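Here's the structure we're looking at; comments come further down.
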Amino acid sequence: MNLTDKMMADILDDIVIIVDTREQKNDHILRFFKDNGIKYEVSKLNTADYSFKLPNFPELGYDLKVLVEKKNSLDEIAGNFTKDRDRFTREFERVNDEHVHLVIENATWKKVSNKSWRSAFTGQAMRASLLTYTIRFNLKTWFVPIDESPSLIYNIIRYEIFEQLKKRRLLGLDKWL
């Protein structure tokens, strides 16, 4: 298939963000989607909190190929790395060829260094766990202010699709890269 600019634009306009039914504390994200005319639906995802589908282009095979796991804070991820570590690890072990992003709201590396969370989990352990998971599971890890996370989540998905479409057009391939 020879993808024209118009076809690529049509595909990008077809994006429907899927929000996992178990995702909590996401009113700011859903409000951003509504305010910006971004189509979304709440549905169960096996892994992660956000993904997407292209309802009018299922033949591309892109649906659910980008996963975004969102954490509300360093407090939440500290809990994932301590009491919920086995479950958290299994979530990433289920990933096959999907592109996975970890978005942590209200976080910075400086906050990691300063141990800005309520847990006995040390700063060194947090840094080691974040870097280890990023490397082991090929995660892209993003620290973001809460007011910027809705836009980041949407744009991660949109640009992942856009880059795959560009590669597909350039290489003449007919599969997810």
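Brief remarks on what is shown
- Selection status of Ile29, touching a strand residue (DSSP E or B) at 6+ places or on another chain (Cβ under 9 Å), open to solvent by less than 10 Å² (accessible area, probe 1.4 Å) and over 29 Å from Lys166 (Cα atoms): no
- Qualifying residue in segment 1-23 (condition: modelled with pLDDT under 95, open to solvent by less than 30 Å² (accessible area, probe 1.4 Å) and closer than 29 Å to Ser129 by Cα): yes
- Test: residue in segment 72-87 that is closer than 21 Å to Glu163 by Cβ and open to solvent by less than 80 Å² (accessible area, probe 1.4 Å): no
- Taking each residue of segment 131-148 that is touching a residue at least 60 places away in the same chain (Cβ under 8 Å) and looking for partners that are open to solvent by 50 Å² or more (accessible area, probe 1.4 Å) and not in a strand (DSSP E or B) with beta-carbon atoms closer than 9 Å, six or more apart or interchain, yields Ile146/Asn106.
- Any hit, segment 144-166, residues being open to solvent by less than 60 Å² (accessible area, probe 1.4 Å), modelled with pLDDT of 95 or more, farther than 17 Å from His99 by Cα and among the β-branched types (Val, Ile, Thr): yes
- Counting only residues that are touching a helix residue (DSSP H, G or I) at 6+ places or on another chain (Cβ under 8 Å) and without any contact (Cβ under 8 Å) to a residue 40 or more places away in the chain, segment 2-24 holds 1 of them.
- Exactly one residue out of Ala107, Ala128 is open to solvent by 10 Å² or more (accessible area, probe 1.4 Å), at pLDDT 95 or above and not polar (S, T, N, Q): that is Ala128.
- Lys140 being out of contact with any strand residue (DSSP E or B) (no Cβ under 9 Å at 6 or more places or on another chain) and either of a type in the set (D, E, K, R) or open to solvent by less than 60 Å² (accessible area, probe 1.4 Å) (or both): no
- Out of Leu54, Leu30, one residue alone is over 13 Å from the mean Cα position of the chain (by Cα) and more than 30 Å from Trp109 (Cβ to Cβ). It is Leu54.
- Considering segment 35-56, the residues that are open to solvent by 50 Å² or more (accessible area, probe 1.4 Å) and not charged (D, E, K, R) include one that is modelled with the lowest pLDDT, namely Asn46.
The values are calculated or read from the model by the stated rules, or taken from the named source; none is laboratory data. All values derive from a computational prediction rather than experimental measurement. Here Cβ is always computed from backbone atoms with ideal geometry, including for glycine, and neighbour counts include all displayed protein chains. These area figures cover heavy atoms from the full protein model, side chains too; ligands, DNA and RNA do not enter into them. Shrake-Rupley method; radii C 1.70, N 1.55, O 1.52, S 1.80 Å.
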